[in-house]
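Presented below is the structure to which this report refers.
The values are calculated or read from the model by the stated rules, or taken from the named source; none is laboratory data. Everything numeric here is computed off the predicted structure, so don't read it as measured data. Positions of Cβ are backbone-derived with ideal geometry, glycine not excepted, and every protein chain shown enters the neighbour counts. For the accessible areas, the whole protein counts, side chains as well, though only heavy atoms, and no ligand, DNA or RNA atoms are used. Shrake-Rupley method; radii C 1.70, N 1.55, O 1.52, S 1.80 Å.
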Amino acid sequence: MRTAATMLAGAVAVTGIAACSPEEGASTSGEPVEVEFWGWVPGLEELVAEWNGDNPDIQVTFHRMTGDDGQKVEAAVDAGAGPDLVQLSTHNLPDYVIAERVQDITDYVAEDESNYTPASWASVSFDGRVFGVPQGIGPAATMYRHDIFAEHGIEFPGTWEEYLDAARALREADDDLYLANLSPSEMGQWVQEIQQAESSWYGITDDAWTVGVDDEGSRLVAERWQTLIDEDLVTTEPMWTPEYWSLVNDGTIASITYAAWFPSILAENASGLAGQWSVAPMPTNTGSNNGGDSGGAAVVVLANAEAPEAAAEFASWLNGSDDTQEALITEGGLFPSTENGLSSPALLQENEFYDDQVINEVFIEAAENTPATWVEGPNFGFIQTTILDEFAEVVNGEQTFIEALEITQEAAVADLENRGLEVTSP
Amino acid sequence: MSTATVGGSRRRRHGAVSPWAPYLFVAPFVLLFVLFLVAPIAVAVVNSLFSRQSSGLGFSGSSIEFVGLTNFARAFADRDFIEGFPRVLLYGAVQVPVMMAVAATIALLFDTALVKARRFFQFAVFLPYAVPSVIAALLWGFLYQPSVSPILQFFESIGITLSPLASTVVLWSIANVALWSLIGINMIILFSALQSVPREMYEAARIDGAGEVRTALQIKLPMIAPALLLTTLSSIIGTLQLFNEPQVLQTITSNIPSDYTPNMAIYATSTLGKDPHLASAMAVILGLATLVVSLLVLAANKRTTNRANHGL
């Protein structure tokens, strides 16, 4: 049934291109409006099919994004093509806005604002205009092997200072054991601690950007991980590799601190370790209760979409309506950015893999405690590429984290200036 | 009526041939050449002279502006991009001779007819070439990771710890993947060239008392010099364009940064760094560098050929 619908929709799309002029004649001529949507959240196929069944006048075709699909989108939009709707990390949204790859959808979605958390709504709004519909946020917590901690009689640490002690204690107890892995290739784990420290890569002062890659909070985080690396207390394997999952599965890595979407991925890749994991709040900086967030996603209407209103209507339904919240939480593993999602009973299910813990209680607390200091900015992709290259040299022992931050800071400012943007020192 | 037409056309064939005919025959080539070779180069060159400029916070739109050679200056000032060149040249200086030596040796062995089940072995050597280089890199990537690699685990069990992804050796681990993939095709080209050498040459050599090794070095290799040059040249160009293998291996090790080779730097700049104009300038520089190296190799080859001819 779903396949038939998709095929039909595809056929309509082809004839639509051949027959229609760019002006919006689709709905008046009785043919449905076509919306092409690219996304990666698990279970979107079913939701799209549900929408198509209920909305004969707006038919959505879905493409599951994998690999470097996200990078294809940019090239396609710049070339005047590409899908109508795409799922996007909110970190990249300012760059999309500046490069004019997304459409202003304020008029179509403004009335939904009250249903979204203020932080997630802020992440899609620039200059008082709205450029997307929030789709989940990434509050962070720590997944840890409670059996390993129990075996060595170590309490899971509450602060980063205790974290350091726990790392030393585990290492001492067992030579093959590490408290955590520092992935030199994964930005989100860095960003969540930067947010926790109330820092931000970007800021806006009057009409100019400020860049804070090596600000005070970042240096605090840098020094913490420098100690952990210098004392050989963490592994430094790139995340997501077979080697990494092998270290997780054989119990070399005792804890992983990451966003609310990570627990389902961990359960998938370490299914043999069911019942041995727990979720605890991410360790805090002394004297602060702050949580962290690695960044959320949004569904945006791309520049070449011919029916932005229809696309925005679908995006609002997908991410905000009561019908979709449960599926997004249970199937999609999303942590909702909506009020109806946050109050959905689906969020508070016991999780078998985590020893029947209601793990989202921890993530809800983290979301409530995340400071709203992070500002998204225009060259996140550039900073990410640069900083990860520098981090690789840090884990090789060729330089320190502080040096990596200083190099990236300088490069980031130069890059913004090369784009003609206004940059001031904070 | 019809005979008259035929007669007429026959007469015309003897007389004035349409002056457009040659152009017509060349047209398909020229069209494809312009479309797929000249046009992209022209686009890259034009792109490299422009830059997308915003103002203030950037939310009020942007424009494409002519910036002259600024992008080239930026590319040359980008230390990481420039450092990629000596890296791939070092890689090429080792990888190309090794590859040519191995490919030529295998081709010569097949040609001596000493190898049994030749077809099977030819196929076996050629097969890796049929594996896309991205897949080859993924495959070797598994073999390079200590916890999942049976090879590394075997060596570990006999007391030898190998880490092919360590920063000092990762370049040669990449070379190994390329070698594995490309020996087959080079071998086939050299082998076909050997097959076209007249057999009497070998007979003459044998009568003159030359052994197999001497025949190979002094008769066979010089006879297939054009094929050797072709394969060497394409290997050198491939070296400068090195991309797939390091790009794939980058996902499993932190020892390959995003700008490890010039081609990777271009990709990172255009796609991850989102500056297609700067990337175009880099691409033009890489293209010119490849051209220069190719011309140097051709010139060197011409000189040795001339010298050899004079020597004879």
Within segment A:279-292, track down each residue that is part of a strand (DSSP E or B) and open to solvent by 20 Å² or more (accessible area, probe 1.4 Å). A:Pro281, A:Thr284
Of all residues being assigned to a helix (DSSP H, G or I) and open to solvent by less than 10 Å² (accessible area, probe 1.4 Å) in segment B:240-267, which is farthest from the other protein chains (Cβ to nearest Cβ)? Just the residue, please. B:Leu240
Take segment A:411-425 and flag every residue that is open to solvent by 30 Å² or more (accessible area, probe 1.4 Å) and facing chain B (nearest Cβ under 8 Å). A:Asn418, A:Arg419, A:Glu422
Among (1) farther than 23 Å from A:Glu46 by Cβ; (2) buried (at least 22 other Cβ atoms within 10 Å of the Cβ); (3) under 19 Å from the mean Cα position of the chain (by Cα); (4) within 14 Å of chain B (Cβ to nearest Cβ) - the single one A:Thr90 does not satisfy: (4)
Every residue in segment A:379-410 that is more than 9 Å from every other protein chain (Cβ to nearest Cβ), under 24 Å from the mean Cα position of the chain (by Cα) and of a type in the set (A, V, I, L, M), please. A:Ile383, A:Ile387, A:Ala404, A:Leu405
What about A:Thr159, is it in contact (Cβ under 8 Å) with a residue 12 or more places away in the chain, open to solvent by less than 10 Å² (accessible area, probe 1.4 Å) and β-branched (Val, Ile, Thr)? no
Those residues of segment A:291-347 which are within 20 Å of A:Val97 (Cβ to Cβ) and modelled with pLDDT under 90 amount to none
Scanning segment A:64-78 residue by residue, those open to solvent by 60 Å² or more (accessible area, probe 1.4 Å), away from chain B (no Cβ under 11 Å) and either at pLDDT below 90 or in a helix (DSSP H, G or I) (or both) turn out to be A:Thr66
Do you know which of the residues in segment B:88-131 that are touching a residue at least 60 places away in the same chain (Cβ under 8 Å) and touching a Phe, Trp or Tyr at 6+ places or on another chain (Cβ under 7 Å) is surrounded by the most Cβ atoms within 10 Å (Cβ to Cβ)? B:Ala107
Which residues, taken from segment B:63-74, are away from every other protein chain (no Cβ under 12 Å) and part of a helix (DSSP H, G or I)? B:Phe72
Check segment B:51-62 and report whether any residue there is among the aromatic types (Phe, Trp, Tyr), open to solvent by 70 Å² or more (accessible area, probe 1.4 Å), within 14 Å of chain A (Cβ to nearest Cβ) and more than 23 Å from the chain's Cα centre (by Cα). no
The condition of being over 17 Å from A:Ala260 (Cβ atoms), free of Cβ contacts under 8 Å to residues at least 12 places away in the same chain and either hydrophobic (A, V, I, L, M, F, W, C) or in contact with a Ser or Thr (Cβ under 6 Å, 6 or more places away or on another chain) (or both) holds, among A:Thr286, A:Thr385, only for A:Thr385
If you go through segment A:248-277, how many residues are crowded, with 19+ Cβ neighbours inside 10 Å, part of a helix (DSSP H, G or I) and within 14 Å of chain B (Cβ to nearest Cβ)? 1
Please find, within segment A:104-147, the residue that is nearest to A:Val358 (Cα to Cα) out of those that are surrounded by fewer than 20 Cβ atoms within 10 Å (Cβ to Cβ), within 14 Å of chain B (Cβ to nearest Cβ) and in contact with a strand residue (DSSP E or B) (Cβ under 7 Å, 6 or more places away or on another chain). A:Thr106
Counted residues in segment A:162-188 being out of contact with any strand residue (DSSP E or B) (no Cβ under 6 Å at 6 or more places or on another chain), of a type in the set (S, T, N, Q) and open to solvent by less than 40 Å² (accessible area, probe 1.4 Å) come to 1
Looking at segment B:160-172, I want the residues that are more than 10 Å from every other protein chain (Cβ to nearest Cβ) and have a partner that is surrounded by 16 or more Cβ atoms within 10 Å (Cβ to Cβ) with Cβ atoms under 6 Å, at least 6 apart or on another chain. Which pairs are those? B:Leu162/B:Leu152; B:Pro164/B:Tyr144; B:Pro164/B:Ser173; B:Val170/B:Asn255; B:Leu171/B:Tyr91
Got a sec? Which of A:Glu393, A:Glu410, A:Glu398 is closer than 23 Å to B:Ser51 by Cβ and either of a type in the set (D, E, K, R) or outside any helix (DSSP H, G or I) (or both)? A:Glu410
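Looking for whichever is part of a helix (DSSP H, G or I), away from every other protein chain (no Cβ under 14 Å) and surrounded by 20 or more Cβ atoms within 10 Å (Cβ to Cβ) here; the options are B:Leu217, B:Leu182. Which one fits? Outline the logic, then answer.
Details: B:Leu217 fails: surrounded by 20 or more Cβ atoms within 10 Å (Cβ to Cβ).
The unique qualifying residue is B:Leu182.
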Do we have A:Glu390 as free of Cβ contacts under 8 Å to residues at least 24 places away in the same chain, open to solvent by 60 Å² or more (accessible area, probe 1.4 Å), of a type outside the set (A, V, I, L, M) and more than 25 Å from A:Thr205 (Cβ to Cβ) here? no
Quick check: is even one residue across segment B:132-147 open to solvent by 60 Å² or more (accessible area, probe 1.4 Å) and under 30 Å from B:Ile219 (Cβ atoms)? no
